[in-house]
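The structure appears right after this line, and notes come after that.
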Amino acid sequence: MKNKILVTGGVGYIGSHTCIALHEAGYDIVVYDNLSNSSREAINRVSTLIGQSIKFIEGDVRDAESLKRVFSSHQFFGVIHFAGLKAVGESVAKPLLYYNNNVSGTITLLEVMAEYDVKNLIFSSSATVYGDPETLPINEKSKRSCTNPYGQSKLTVEHILEDLAVSDDSWNLIPLRYFNPVGAHPSGKIGEDPNDIPNNLMPYISQVAVGKLEKLSIFGHDYPTIDGTGVRDFIHVTDLAKGHVAALNYLEKQTSSNESGTTKQNSVGFLPINLGTGKGTSVLELVSAFSDVSKQDIPYQFAERRAGDIASCYASADKAKNLLGWQAKLSITDMCQDTWRWQSINPNGYDIEK
Ligand code: NAD
Ligand code: UD1
């Protein structure tokens, strides 16, 4: 068995897929989640998929006492920190909730990590920290700026991590900047399960395909892109999950163990890394690919641009390849196929009662 890892927010969409990838790579994982945006059914299904009960603790990352109990009971190599809120619109309406969860929650976690001398962290950041990019593809040195509280909360955490790395070089802090995660586990047992009407494109398309929603509104068709619709770097969630394993392997390579614990060889400091495919796909291209795969009509209408949207966004994935040896492998067709399998087997997501 490899090192023990604490996975905050591990019951959520990306966290649940990453738990499977970590288990497959031989890690011992402990999941910590307050279930504010996830379901116990996801824990059951991950347990079924990995063939053993997942170690789960219900708790909030803002609750220092609860975290201390967890750190006292386990010797962690590091933490993968997914826990946070992610809805842009809700963050505009409830900025304090977002700063409290995403920023205060991370500070509390870091304080407890420091107290227990656990200094390896992989943090869920987002391509949203790049705002409207000046040049494409976006690399890790591109300028950062955000226009909504959700994005600001991610950028603020990045600044905190940078300051922390400067203050003390025993910290190893990797913010992974995800582009647009989509898709589901190929088993069709776990996937994205948005509350209410989805804000994001892929879950919206799949709910139209399965007949839960009538038609898709495409926000803007006059962007300077291949067909006038927005272009994004969609990345399969299982590729993304493997990116976390690769980042963890990288952290482990920088450290070596002796009898008294872990001794630092190289300081990783603050090391942001994009996780994307490097390819842009337009909204219309995704609709067409999904329709081909699912053999369903996806009715759509063109609507006004959505406030805060940008024309195009895709990653330079070179740093992840060169440093972590990781590359996204799955295609847009794979992303649509796996989303469709999950959506059609589970039209109501994890809510088996609905
Ligand atoms: P998700 O909502 O499915 O998962 C987040 C999990 O964190 C949920 O299980 C939720 O219950 C838990 N959580 C929230 N606040 C918590 C708290 N205070 N204490 C403990 N647990 C808490 O979201 P996701 O899509 O899996 O995203 C995971 C992370 O990646 C988030 O931080 C998100 O901001 C970031 N991210 C997501 C995307 C995306 O498109 N999904 C893109 C970029 C970054
Ligand atoms: C959005 C968030 C971003 C967050 C990411 C993942 C905004 C402005 N940005 O990114 O901060 O990190 O989700 O949670 O909300 N589209 C439609 N119709 C729809 C939905 C989307 O046409 O019903 C279009 C959008 O205009 C965009 C593309 O599809 O061009 C992708 O949208 P979405 O899936 O919401 O992701 P982002 O906007 O890239």
Exercise for review: Assign unit charges at the C-beta atoms only (+1 for Lys and Arg, -1 for Asp and Glu), then state the dipole size of the chain relative to its Cα centre in Debye, rounded to the nearest 20.
Suggested key: 420 debye
Exercise for review: Please list 39-52, 134-147 highest first by mean number of surrounding beta-carbon atoms within 10 Å per residue.
Suggested key: 39-52, 134-147
Revision key, fill the gap. The simple spin-label model distance between residue 253 and residue 72, using points 7 Å out along Cα→Cβ, in nm, is 3.8 nm
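Given the DSSP H assignment, sum -39500 (n - 2.57) over each helix run of at least 4 residues in the chain and divide by its residue total; what's the result at 222 nm in deg cm²/dmol, nearest 500?
Helix contribution divided over all residues of the chain: -11000 deg cm²/dmol.
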Review point. Taking Cα centroids, how far is the stretch 280-342 from the stretch 183-253 in Å?
Key: 6 Å
Check your understanding: Could you put 73, 125, 66 in order, starting from the residue whose Cβ has the fewest other Cβ atoms within 10 Å?
Key -> 73, 66, 125
Review point. When a footprinting reagent is the concern and you count Cβ atoms within 10 Å, what order do 302, 76, 234 take, fewest first?
Key: 302, 76, 234
Practice item. Just the ratio, please: alpha-carbon radius of gyration of the chain over 2.2 N^0.38 Å, N its number of residues. Key: 0.96
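Just the number, please: percent antiparallel of the DSSP beta bridges in the chain, rounded to the nearest 5.
15 percent
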Check your understanding: Among the listed pairs 4/119; 253/279; 4/319; 141/319; 2/242; 2/329, which are separated by more than 19 Å between their Cα atoms?
Key -> 253/279; 4/319; 2/329
Point to revise | Positive-end residue of 153, 179, 142, charge dipole of the stretch 4-345 with Cβ unit charges | key: 179
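Computed from the coordinates by the stated procedures, all read-outs in this text should not be read as laboratory data. Just so we're clear, the structure is a prediction, and the values are computed from it rather than from any experiment. For neighbour counting, all protein chains shown are included, and Cβ atoms are generated from backbone atoms with ideal geometry for every residue, glycine included.
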